[in-house]
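Just below is one structure, and these are the notes that go with it.
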Amino acid sequence: MSRIGKKPIALPSGVDVKIGTGTVVVTGPKGTLSQAVESSVIITVDAATKEVAVTVPVEQKSLWSKWGLYRQLVSNMVEGVSKGFKKTLEIEGVGYRAEMKGKYLMVSVGYSHPILYVPPQGIAIVVESTTKVSVSGIDKQIVGQVAAEIRSMRAPEPYKGKGIRYEGERILRKAGKTGAK
């Protein structure tokens with residue numbers, strides 16, 4: 001049985017949840033998100049306690065994972081439209097840097113040419129310094145995907161640690177070659 005699915009989702013002030021046939025629409029101060037929901041998962045909004053509950057009608061193992069999944073998806077939508085999500089990336093390496101060219105991100109990470117990245121709709125990329133980039137938006141999945149795409153331009157290598165990493169990410173370092181005698 002899903003332990004995550006049992007938890008109710010508290011609705012902050014200014015956030016509204018509408019449940020349609022097969023969809024959930026969450027509206028808040030930062031925007032609107034919608035999610036398709038399977039018919040086997042029941043989502044209810046309690047107006048008195050300002051909570052959203054997710055349930056499944058039958059206790060089957062195949063439904064328990066969907067129960068927790070949809071509860072977490074709705075929870076992420078509520079948090080996204082009220083607070084938003086943010087991922088920070090750090091760039092490490094000699095000559096490695098990032099800068100904004102209009103609304104595009106230009107990253108120089110040791111290739112013969114800089115890489116131009118076009119952010120998707122609803123995502124804000126801010127270059128805090130030449131070695132620090134913030135990705136923010138209301139959809140947790142898209143924020144994580146954009147951060148992963150930027151990181152994949154030059155993933156951190158294990159010998160010197162050069163590359164693009166998430167803030168606070170620990171890179172396991174390898175010992176280099178020792179000289180032959």
Check: Dipole of the chain (Lys/Arg Cβ +1, Asp/Glu Cβ -1, origin at the Cα centre): which of Val81, Val15, Thr27 lies farthest to the positive side?
Finding: Val81
Check: Of the heavy-atom accessible surface of segment 46-181 (probe 1.4 angstrom), what whole percent is carbon and sulfur?
Finding: 53 percent
Next item on the list: Could you tell me what fraction of 2.2 N^0.38 Å the Cα radius of gyration of the chain comes to, as a two-decimal ratio?
Entry: 1.34
Item checked: Candidate lysines for bridging to Lys61, where Cα separation is under 21 Å - those fewer than 8 sequence places away on the same chain excluded -> Lys6, Lys7
Next item on the list: Starting from the Cα of Lys86, draw a straight line to each of the aspartates and glutamates and keep only those under 12 Å, dropping any in the same chain fewer than 8 residues away.
Entry: Asp139, Glu167
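Given a 1.4 angstrom probe, what's the average accessible area per residue across the chain, in square angstrom?
Normalised by residue count, the accessible surface of the chain is 61 Å².
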Next item on the list: Please determine, in degrees from 0 to 90 and to the nearest 10, the orientation of helix 61-82 with respect to the longest principal axis defined by the Cα atoms of the chain, where the helix direction is its Cα long axis.
Entry: 70 degrees
Item checked: Stretchable slack from Lys30 to Ala124, in nm (0.36 nm times residue separation minus alpha-carbon distance) -> 32.6 nm
Margin query: I'd like to compare 73-86, 5-18: which one has the highest average count of other Cβ atoms within 10 Å, and what's the full order after that?
Written below: 73-86, 5-18
Margin query: If I take R0 = 35 Å and measure r between the Cβ atoms of Lys132 and Asp46 in this structure, what FRET efficiency does the formula 1/(1 + (r/R0)^6) give, to the nearest 0.05?
Written below: 0.25
Next item on the list: May I ask for the angle, rounded to the nearest 10°, between helix 140-151 and the longest principal axis of the chain, with both axes built from Cα atoms and the value confined to 0 to 90°?
Entry: 10 degrees
Item checked: Dipole in debye (nearest 20) - the chain, about Cα centre, beta carbon charges: Lys, Arg +1; Asp, Glu -1 -> 840 debye
Item checked: Peptides 130-141, 88-99 ordered by average Cβ neighbours within 10 Å, highest first -> 130-141, 88-99
Notebook entry, point to check: Among all lysine pairs in segment 107-180 that are eight or more places apart or on different chains, how many have alpha carbons less than 15 angstrom apart?
Noted result: 4
Next item on the list: Please give, to one decimal in nm, the separation of the simple spin-label points placed at Met100 and Thr88, each 7 Å out from Cα toward the Cβ.
Entry: 1.7 nm
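The values are calculated or read from the model by the stated rules, or taken from the named source; none is laboratory data. Just so it is clear, the model here is predicted, and its values are computed rather than measured. Cβ: placed from backbone, ideal geometry, glycine included. Neighbour counts: every protein chain shown. Heads up: the accessible areas ignore ligands, DNA and RNA and are worked out on the full protein's heavy atoms, side chains in. Shrake-Rupley method; radii C 1.70, N 1.55, O 1.52, S 1.80 Å.
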